[in-house]
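Chemist: Take this structure, written in structure tokens, and hold onto it; I'll ask about it next.
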Amino acid sequence: MSSKKTEPSFSFPRPDQPSRCTWAPDADPADNPHTRKYPNPPNQYTLYPSILHTIGNTPLVRLNVIPKEEGVQCQMYAKCEFLNPSGSLKDRAAWRMIEDAEATGVLKPGYTIVEPSSGNTVPQPQQPAKSL
């Protein structure tokens, strides 16, 4: 067994560096530098063609009592990710990973998806994969 230290083939931005984000609260929303990729665009369905069409269409609700009680001077919102099919925000990540793997040819029909986690990410790829 080798005791050589290997460097990772990727790098993470250091958290102690100045932010490079150009977003500002008073900026024109059309100039927002952040992209939004919804697994499924918001719609008015009451019946969905499959469970996959419900991923990511979770409501954003305004919080009123907590900000008032805590003296918060801005509007606060909460994203209700518990309304995703498995009850977790990880549905979005699982669906995006599967979608990207299919688009790049890494995942093809008939392949097996192995999810090595022992945590609560385990169920997330199962539902999209079963519904493909």
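Values quoted throughout were computed directly from the atomic coordinates according to the rules given, and no laboratory measurement underlies them. Every value quoted in this text rests on a predicted model; they were computed, and no experiment measured them. Virtual Cβ from ideal backbone geometry, glycine too; neighbours counted across all protein chains shown.
Chemist: Kindly state, to the nearest 0.05, the FRET efficiency for T112 paired with L60, given R0 = 35 Å and r defined as their beta-carbon distance.
Modeler: Once rounded, the FRET efficiency stands at 0.45.
Chemist: Once you list every other residue whose beta carbon is under 15 Å from the beta carbon of C80, what net charge do they have if Lys and Arg are +1 and Asp and Glu are -1?
Modeler: Net charge in that neighbourhood comes out at +2.
Chemist: Using a 10 Å cut-off on Cβ atoms, rank the peptides 96-106, 65-75 from the highest mean neighbour count down.
Modeler: 96-106, 65-75
Chemist: Give the long-range amide H neighbours of M76: residues separated by 5 or more places, or on another chain, with amide H under 5 Å away, using H modelled in the peptide plane at 1.01 Å from N.
Modeler: L63
Chemist: At 7 Å along Cα-to-Cβ for each site, give me the label-to-label distance between V72 and C21 in nm.
Modeler: Once both label points are built, they end up 1.5 nm from each other.
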